[in-house]
1. Condition check: more than 24 Å from Phe52 (Cα to Cα), of a type outside the set (Asp, Glu) and more than 16 Å from the chain's Cα centre (by Cα). Does Pro164 satisfy that?
2. Do you know which of the residues in segment 131-144 that are of a type in the set (Ser, Thr, Tyr) and modelled with pLDDT under 90 is surrounded by the most Cβ atoms within 10 Å (Cβ to Cβ)?
3. Within the bounds of segment 17-30, is there any residue that is of a type in the set (S, T, N, Q), part of a loop (DSSP other than H, G, I, E, B) and at pLDDT below 90?
4. Do you know which of the residues in segment 31-54 that are part of a loop (DSSP other than H, G, I, E, B) and at pLDDT below 95 is least open to solvent (accessible area, probe 1.4 Å)?
5. Are there strands (runs of 3 or more DSSP E) fully within segment 55-96 with at least 1 residues that are under 23 Å from Ser153 (Cβ atoms), in contact (Cβ under 8 Å) with a residue 40 or more places away in the chain and open to solvent by less than 30 Å² (accessible area, probe 1.4 Å)? List them.
6. So, of the residues in segment 110-119 that are within 17 Å of Phe94 (Cα to Cα) and either more than 13 Å from the chain's Cα centre (by Cα) or open to solvent by 50 Å² or more (accessible area, probe 1.4 Å) (or both), which turns out to be modelled with the highest pLDDT?
7. Could you tell me which numbered condition Phe122 fails, if it satisfies all but one of (1) touching a residue at least 40 places away in the same chain (Cβ under 8 Å); (2) crowded, with 18+ Cβ neighbours inside 10 Å; (3) farther than 17 Å from Thr3 by Cβ?
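The values are calculated or read from the model by the stated rules, or taken from the named source; none is laboratory data. These numbers come from a predicted model, not from an experiment. Glycine gets a Cβ as well: all are built from the backbone with ideal geometry, and neighbour counts include every protein chain shown. In case anyone asks, the SASA skips ligands and DNA or RNA and just uses the protein heavy atoms, side chains included. Shrake-Rupley method; radii C 1.70, N 1.55, O 1.52, S 1.80 Å.
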Amino acid sequence: RSTAMHNTITLDGKTLTTMLGKCVRESRGEYVDMVKVSNASYATLSHERSVFHLKSQGVFVILDKAEGTATGSVDLHWHFCPGTVNFESIDGAFGATTAFGDGNDMHFRTFCFDGTSVVSSFRSSTGTSWTSDVIGSKTERPCCSVGITKSGSNAVHFVSVIVPVSTLST
């Protein structure tokens, strides 16, 4: 139930007590669909997420922005489907590649920005979280977080790209 167990941003690992989210914009196009949502996550930090789906390649680009006067550890959490996921840090980004073996694998990369500068000294961690489709049971799944320390009023940005493996092999 903690905020860190969801695909979202946390501030200093604290769990949200209220959710005041709203859809800011939604558009559907011939080539790209987009949705933008905003949430007053913490008293001094808001979270805005924009998701772009590039239809022809099946690629998703997710832009997360945390802004406000808050200072501290801002972490973006991702939880994957149960199965094998290989994690790595390459080229100034944190990455993951699924190895499900069923033809539905994906590459995943997250880049961190402090204001407008790419940050290569991000923090990352991997581990296990849980999911449940049935009350009273749970299934282990891999997870990761990527974070940087926010200072001052600069916004923190995360750019995540999710690419189907089949797209890269064609």
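1. Working: more than 24 Å from Phe52 (Cα to Cα): no; of a type outside the set (Asp, Glu): yes; more than 16 Å from the chain's Cα centre (by Cα): yes.
When the stated conditions are applied, Pro164 does not pass them.
2. So the first thing to find is which residues in segment 131-144 are of a type in the set (Ser, Thr, Tyr), and the list is 131-132, 137, 139.
If we keep only those that are modelled with pLDDT under 90 as well, we get 131-132, 139.
Numbers: Thr131: 15, Ser132: 9, Thr139: 11.
If we take residues in segment 131-144 being of a type in the set (Ser, Thr, Tyr) and modelled with pLDDT under 90, then Thr131 is surrounded by the most Cβ atoms within 10 Å (Cβ to Cβ).
3. Just the residues of segment 17-30 that are of a type in the set (S, T, N, Q), to begin with: 17-18, 27.
Restricting the remaining residues to those that are part of a loop (DSSP other than H, G, I, E, B) gives 17-18.
After this cut, where a residue has to be at pLDDT below 90 as well, the list is 17-18.
Yes: segment 17-30 contains one or more residues that are of a type in the set (S, T, N, Q), part of a loop (DSSP other than H, G, I, E, B) and at pLDDT below 90.
4. Of segment 31-54, the ones part of a loop (DSSP other than H, G, I, E, B) are 31, 43-44.
When the remaining residues are screened for being at pLDDT below 95, the result is 43-44.
Working: Ala43: 113, Thr44: 64 Å².
Looking at the filtered set, the residue picked out is Thr44.
5. On the way: elements: 59-67, 72-79, 85-90.
Where strands (runs of 3 or more DSSP E) fall fully within segment 55-96 and carry at least 1 residues being under 23 Å from Ser153 (Cβ atoms), in contact (Cβ under 8 Å) with a residue 40 or more places away in the chain and open to solvent by less than 30 Å² (accessible area, probe 1.4 Å), they are 59-67, 72-79.
6. Here is the first cut: in segment 110-119, the ones within 17 Å of Phe94 (Cα to Cα) are 110-114, 117-119.
Then keep just the ones that are either more than 13 Å from the chain's Cα centre (by Cα) or open to solvent by 50 Å² or more (accessible area, probe 1.4 Å) (or both); that gives 111, 113-114, 117-119.
Numbers: Phe111: 92, Phe113: 85, Asp114: 79, Ser117: 71, Val118: 76, Val119: 76.
That would be Phe111.
7. Evaluating Phe122 over (1) touching a residue at least 40 places away in the same chain (Cβ under 8 Å); (2) crowded, with 18+ Cβ neighbours inside 10 Å; (3) farther than 17 Å from Thr3 by Cβ leaves (1) as the failure.
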